[in-house]
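A.B. asks: Below you will find the structure I want to go over with you.
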Amino acid sequence: MLKQKQLAAMLLGLAFATAAVAQPKSVAPDAATQARMKEAEDKLARAAEEEEKRAAVLKAYEEEQAERQKQLAREKEERDARRARAAYEAQCQFKSVMSDEDIARCRSVHRN
């Protein structure tokens, strides 16, 4: 964002400098000077358009990266939830002899 502002300021400064140099106040511009001024203005307009395009592409890229980060966070959260569920279910192991506490734990695990 800072580079965009710096570039815009430089382009604006270039436009003012070109206009000030190409058009002295005491002398009317001739055809060649007017052509150079027109060319400079066109160049400036093209540079501004290109900068706008770059800014739009950069913004789209940043939004895409932010969305990707959100997706990765959701996937990690789902993996963590599956691991926690697996660890919870692993608490219940059926044995030939189980205490009341073991039976209650297994019921709560399989009920949920």
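A.B. asks: Under 6 Å between Cβ atoms, which residue pairs at least 6 apart in sequence (or on different chains) link something in the stretch 40-53 that is surrounded by 10 or more Cβ atoms within 10 Å (Cβ to Cβ) with a partner that is of a type in the set (V, I, T) and modelled with pLDDT under 95?
C.D. replies: Pairs that qualify, where the first residue is surrounded by 10 or more Cβ atoms within 10 Å (Cβ to Cβ) and the partner is of a type in the set (V, I, T) and modelled with pLDDT under 95, are A40/T18.
A.B. asks: When you check A55 against the structure, is it among the aliphatic types (A, V, I, L, M), touching a helix residue (DSSP H, G or I) at 6+ places or on another chain (Cβ under 7 Å) and part of a helix (DSSP H, G or I), yes or no?
C.D. replies: Answer is yes for this residue.
A.B. asks: Here's another thing I want to ask about it. Can you tell me how many residues in the stretch 59-73 are under 19 Å from Q4 (Cβ atoms) and either of a type in the set (F, W, Y) or over 8 Å from the mean Cα position of the chain (by Cα) (or both)?
C.D. replies: Number satisfying all stated conditions: 1.
A.B. asks: Consider F94 against the criteria (1) modelled with pLDDT under 70; (2) outside any helix (DSSP H, G or I): it satisfies all of them except one. Which criterion is unmet?
C.D. replies: So the condition that F94 fails would be (1).
A.B. asks: Restricting attention to the stretch 68-112, report how many residues are touching a Lys or Arg at 6+ places or on another chain (Cβ under 7 Å) and open to solvent by 70 Å² or more (accessible area, probe 1.4 Å).
C.D. replies: Qualifying residue count, the stretch 68-112: 1.
The values are calculated or read from the model by the stated rules, or taken from the named source; none is laboratory data. No experiment lies behind these values; they were computed from the predicted model shown. Neighbour counts are summed over all protein chains in view; Cβ atoms, including those assigned to glycine, are modelled from backbone coordinates with ideal geometry. Side chains included, ligands, DNA and RNA excluded: accessible areas come from the protein's heavy atoms. Shrake-Rupley method; radii C 1.70, N 1.55, O 1.52, S 1.80 Å.
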